[in-house]
Amino acid sequence: MSTTRDYTKSEHHEFLEATEAAMANVGLQSALAKLGTTLGQRNRDAFAALPQSDLLRERARAIKNDTLARLDEHLATLEASVLARGGKVHFAAGGAEACQLVVDILRGRGATRVVKSKSMTSEEIHLNHALEAAGFHVVETDFGEYIIQVAGQRPSHLVAPAMHLRVGDVAKILSSAAGEPLPADATELAAFARRRLRGEFAAADAGITGANFAIAETGTIVLVENEGNIRLTTSLPRIHIAIVGVEKVIPRLVDLPVFLKVLARAATGQKMSVYTSLVTGPRRAGELDGPEEFHLVLLDNGRTRILSGPLRESLFCIRCGACLNACPIYRNVGGHAYGGVYAGPIGAVLTPLYDGLAENRHLPNASSLCGACQAACPVKIAIPEMLIQLREQLHDMPGEVGRLEAMAYRMWARTIGSPRLYRVATWLATRVVGRMRKSGWMSRLPGGLKGWTASRDFPAPAASRFRDWWHDEGREGRD
């Protein structure tokens, strides 16, 4: 299958233009309008029904924090555990190196056909494009991922990659793969994909997965799904390759239930996903299922650099998508507008960290800082705080702040630093503007500020200052 586009060429993605297109897309807006009452509501209901859910989230956060503090030790333990159980471990510093490792493994075993399970890590390194360019036949087996692979698109959501498409859109996309018109019926479309993918599973030489977690103590990778395609991907082909970010390691098997309880609830509102697979090495003597070879590719791709910086908390992310469901920005513009592999609030942090802040300068500002993302996060990542830190870094970049903006900042700093100037400025604001705007709102701002009022009103200054009210009335109440 050669329908996967090369998204490595979209480095200078213009977020503002993409958001305008998304806002004008009626079909996308219809899909996004349902997000808060479907996945978002199920997330909230699932945690509300879980006793002491807040303490459980704190425990998951603490495990992540402690693990990252000694990540080198846990990775060494994980490597030893995988080797002891017959697997092989490879370390990749970046995406290109990881892709080349996979190509070399496949070529060395004479593999030509590959099935893949849903993996944001493989999306991050553009693995499909690299494998197709090397001549391999690659097929995504998650239904949503299969749809967008045929369409030549990127995932628009961490959990529901094709959520931006309606049934009619999917029917048109899959009809091209079927070679005949397919009905706009979800059941019929799923049945077609099931028939098509069964043949791919049977013919595949290798299966490629990511991992939700990698347990250092046992060398086990944990895969969570609802469709069953991952179990076929890991058990039918003779080679299994798992590509895992180094931050996915957890120390012990006893830590796993903590994350399983919060992951399913945060991702889909379930108590537990339908399938939870624990894969430990290749098939052993006497076992009927499983691959002949198991390869674990541990990917850095900037993670250790992030680990040593002020935004290390971004590595707590377990890729559940809860922050997307809660975010008012994402629920208006969708995932593709963000331009990178990771969308939503966490994408606004991860994409600048992985791909560069200068190339993704709009993303830290793609937030109202309302805090809904942090409230929804199962490990309580302080996403708003990290976005503010990225904005601060942007402000310090050469050429980022124009002359007029810099002058405005200086004037504001001087005003709030001088009580006398502040009194004069607030007096003018209330007398000149506040008392002229009886409605309390301004529908048009001057100059470069007009962008704000192009789609919403700006609150006008009050008709009188607090200090005036205090002088006239407040003192009497105090006396």
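The values are calculated or read from the model by the stated rules, or taken from the named source; none is laboratory data. This one's a predicted model, so the numbers in the text were calculated from it and none came from an experiment. Here the Cβ is made from the backbone with ideal geometry for all residues, glycine too, and neighbour counts use every protein chain on show.
Points to keep in mind about this one:
- From the list VAL249, VAL159, the lone residue that is modelled with pLDDT of 95 or more, in the same structural domain as ASP289 (by TED's automatic domain parsing) and within 23 Å of the chain's Cα centre (by Cα) is VAL249.
- Flag: LEU350 does not match the condition of being under 29 Å from LEU449 (Cβ atoms) and of a type outside the set (Phe, Trp, Tyr).
- Among the residues of region 171-202, the ones that are touching a Ser or Thr at 6+ places or on another chain (Cβ under 6 Å), surrounded by 12 or more Cβ atoms within 10 Å (Cβ to Cβ) and outside any helix (DSSP H, G or I) come to 1 in all.
- Screening region 273-287 for residues that are out of contact with any Lys or Arg (no Cβ under 8 Å at 6 or more places or on another chain) and farther than 25 Å from ARG107 by Cβ and picking the one that is surrounded by the most Cβ atoms within 10 Å (Cβ to Cβ) gives SER273.
- If only residues of region 288-347 that are of a type in the set (Ser, Thr, Tyr) and more than 26 Å from GLU79 (Cβ to Cβ) are counted, the one that is surrounded by the most Cβ atoms within 10 Å (Cβ to Cβ) is TYR338.
- Restricting attention to region 80-100, the residues that are in contact (Cβ under 8 Å) with a residue 60 or more places away in the chain, under 13 Å from VAL297 (Cβ atoms) and surrounded by 14 or more Cβ atoms within 10 Å (Cβ to Cβ) total 9.
- Search result, residues across region 133-155 that are farther than 25 Å from ALA171 by Cβ and either touching a residue at least 24 places away in the same chain (Cβ under 8 Å) or not assigned by TED's automatic domain parsing to the domain that holds ARG166 (or both): ALA134, PHE136
- Output for region 1-49, where each listed residue is modelled with pLDDT of 90 or more and in a loop (DSSP other than H, G, I, E, B): ALA24, ASN25, ALA49
- For GLY474: the one exception among (1) modelled with pLDDT under 80; (2) in a helix (DSSP H, G or I); (3) under 44 Å from the mean Cα position of the chain (by Cα): (3)
- The set of residues from region 138-170 being in a loop (DSSP other than H, G, I, E, B) and more than 15 Å from HIS336 (Cα to Cα) comprises THR141, ASP142, ARG166.
- Restricting attention to region 305-327, the residues being without any contact (Cβ under 8 Å) to a residue 60 or more places away in the chain and in a helix (DSSP H, G or I) number 2.
- Number of residues in region 106-137 that are within 18 Å of ASN301 (Cβ to Cβ), part of a helix (DSSP H, G or I) and not acidic (Asp, Glu): the value is 8.
- Condition check for HIS395: surrounded by 14 or more Cβ atoms within 10 Å (Cβ to Cβ), under 31 Å from the mean Cα position of the chain (by Cα) and not small (Gly, Ala, Ser): no
- Flag for ARG265 being surrounded by fewer than 23 Cβ atoms within 10 Å (Cβ to Cβ) and among the basic types (Lys, Arg): no
- Residues that are part of a helix (DSSP H, G or I) and more than 24 Å from THR304 (Cα to Cα), drawn from region 58-102: ALA84
- Failed item, numbered, when THR38 is tested on (1) under 28 Å from TYR146 (Cβ atoms); (2) in the same structural domain as LEU223 (by TED's automatic domain parsing): (2)
- When the residues of region 348-371 are filtered to those that are touching a Pro at 6+ places or on another chain (Cβ under 7 Å) and more than 19 Å from PRO155 (Cα to Cα), the one that is surrounded by the most Cβ atoms within 10 Å (Cβ to Cβ) is SER367.
- Residue in region 437-459 that is farthest from LEU16 (Cα to Cα), counting only those that are surrounded by 11 or more Cβ atoms within 10 Å (Cβ to Cβ) and among the hydrophobic types (A, V, I, L, M, F, W, C): TRP441
- Test set (1) surrounded by 10 or more Cβ atoms within 10 Å (Cβ to Cβ); (2) out of contact with any strand residue (DSSP E or B) (no Cβ under 6 Å at 6 or more places or on another chain); (3) modelled with pLDDT of 85 or more - VAL401 fails condition number: (3)
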